Amino acid sequence: MFLNASKYIPHIYEKIWLHLRKRNPNKPSWVMNGVIKDCKDYILKQINEYNPDNIVCTHNNAGAVVDYLKTNNLISDKIKTYSIAFDYCLCPYWETNRNLDYIVTPHEFTHKDFIERGFKEEQLLPFGLPVDTKFTNFIDKKQARKELGLDEN
């Protein structure tokens, strides 16, 4: 849905995005409440079966569910909880991760947005985004065009 909305109706998607960014972060969201309701029992079962020392959430929706479980004392306080922000722009609904222990952020400049959404500075870990070294190798443009079968110009 996200991809189609941003591709085919970007002007409408932008208005919705901006509206959601302006919403009160302390007001419950029916969208996120639905995600939590749909997933909490399954995730709690998995946590209880595995008994982890740490939980790393790679999406804010997963973080919202773990936050709910933690806030409602359904998982042990001994379990350290993390969420990873993969965007340089804070998505709507990130406030649903406020009660996790840590948020790995892509850069310090994102911290202002997190703090405005109710996070504490000590929760925010500006570790950056991991990038495999194969993506950091320099490739000459002419060579790349040749390898891809593109016109040199």
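The values are calculated or read from the model by the stated rules, or taken from the named source; none is laboratory data. The model shown is predicted, which means the values in this text are computed figures rather than measured ones. Backbone-built Cβ (ideal geometry, glycine too); neighbour counts: all protein chains shown. Surface areas here come from the heavy atoms of the whole protein model, side chains and all, with no ligands, DNA or RNA. Shrake-Rupley method; radii C 1.70, N 1.55, O 1.52, S 1.80 Å.
Going down the list Lys80/Lys112; Lys45/Lys70; Lys70/Lys112; Lys40/Lys112; Lys37/Lys120, which pairs span over 19 Å between their C-alpha atoms?
Long pairs (Cα-Cα over 19 Å): Lys80/Lys112; Lys70/Lys112; Lys40/Lys112; Lys37/Lys120.
State in Å² the accessible area per residue of the chain; use a 1.4 Å probe, count heavy atoms of protein chains only, and round to the nearest integer. Provide the component values of the computation, followed by the final result.
Values: 11000 Å² over 153 residues.
Normalised by residue count, the accessible surface of the chain is 72 Å².
At 0.36 nm per residue, minus the direct Cα-Cα distance, what do Phe109 and Asn4 gain on full extension? Give it in nm, one decimal, please.
On the way: separation 105, 0.36 × 105 = 37.80 nm, distance 2.92 nm.
Full-extension gain reported as 34.9 nm.
Using each residue's phi in region 119-130, evaluate 6.51 cos²θ - 1.76 cosθ + 1.60 at θ = phi - 60° and report the 3J(HN,Hα) Karplus result to the nearest Hz, with x for Gly and Pro.
3J(HN,Hα) across region 119-130, in whole Hz: 7, 9, 3, 5, 7, 8, 10, x, 7, x, 9, x.
Longest span of the chain, sites excluded, free of trypsin sites (Lys or Arg not before Pro) in DSSP loop with at most 16 other C-beta atoms within 10 Å? Could the numbers behind the result be given before it?
Values: sites that count: Arg23, Lys78, Lys120.
Longest stretch, sites excluded: 24-77.
Would you mind checking the tilt of helix 60-71 against the longest principal axis of the Cα atoms of the chain, expressed as 0 to 90 degrees and rounded to 10?
Its long axis makes an angle of about 20 degrees.
(1) 1.13; (2) 1.00; (3) 1.30: which one is Cα Rg over 2.2 N^0.38 Å as calculated from this entry?
For Cα Rg over 2.2 N^0.38 Å, the calculated option is (3).
Could you tell me how many degrees, from 0 to 90 and to the nearest 10, lie between the Cα long axis of helix 10-22 and the main elongation axis, the longest principal axis, of the Cα atoms of the chain?
Between the helix axis and the principal axis of the chain, the angle is about 40 degrees.
List the residues, sorted by chain then number, that are 5 or more residues from Leu124 or on another chain and whose placed amide H is less than 5 Å from its amide H.
Long-range HN contacts for Leu124: Ile103.
From the phi of every residue in region 78-85, what ³J(HN,Hα) in whole Hz does the Karplus formula 6.51 cos²θ - 1.76 cosθ + 1.60 yield, where θ is phi - 60° and glycine or proline is x?
Running phi through 6.51 cos²θ - 1.76 cosθ + 1.60 with θ = phi - 60° gives 6, 6, 7, 10, 9, 10, 10, 8 Hz.
Heavy atoms only, probe 1.4 Å: what % of the accessible area of the chain goes to carbon and sulfur, would you let me know?
Numbers: 6160 of 11000 Å².
Carbon with sulfur: 56 percent of the solvent-accessible area.
If I model a spin label at Asn24 and Val131 as a point 7 Å from the Cα along the Cα→Cβ vector, what separation in nanometres do I get?
It works out to 4.1 nm between the two label points.
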